[in-house]
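Below is one structure, written out as structure tokens; the observations come after it.
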Amino acid sequence: MCTLRLTLHDEGVLIEVSDTSPVLPRPGAPDVTGATGGWGLQMIDRLAGEIQTVPGPGPGKTVRTRLPW
């Protein structure tokens, strides 16, 4: 399970995706069949450029970035 949070700020939109896996995200080739994903980091890298990964909630992680206005 994962959670998507979008928060509006004066300087842009904060995007946070949290899941229960402690495994850090890593770039990979997108899977066009939809079985394994691989699209998220590539999209964020092209749109925002900076990605942060922080521990939590619980044993999982939260990946966040900010899209400027």
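What follows is calculated from the coordinates using simple rules that are stated; it is not laboratory data. None of these values were measured; they are calculated from a predicted model. Neighbour counts run over all protein chains shown; Cβ positions are idealised from the backbone, glycine included.
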So what is the calculated 222 nm ellipticity per residue for the chain, using -39500 (n - 2.57) for each DSSP H run with n of 4 or more, over all residues, to the nearest 500 deg cm²/dmol?
-3000 deg cm²/dmol
Arrange the following residues from fewest to most other Cβ atoms within 10 Å of their Cβ: Leu47, Leu24.
Leu24, Leu47
Only Cα pairs within less than 10 Å get springs; with that Gaussian network setup on the chain, which residue of Thr20, Thr33, Thr53 has the largest fluctuation?
Thr33
Using only the alpha-carbon atoms of the chain, report the extent along each of the three principal axes, biggest first, to the nearest angstrom.
36, 29, 16
Top of Asp19, Asp45, Asp31 by mean-square fluctuation, Gaussian network on the chain, Cα under 10 Å:
Asp31
Can you sort Leu4, Leu41 from fewest to most other Cβ atoms within 10 Å of each residue's own Cβ?
Leu4, Leu41
Between His9 and Asp45, what is the label-to-label distance in nm when each label sits 7 Å out along the Cα-to-Cβ direction?
2.3
Note down the relative contact order for the chain as a percent, whole number, built from C-alpha pairs under 8 angstrom at least six residues apart.
38
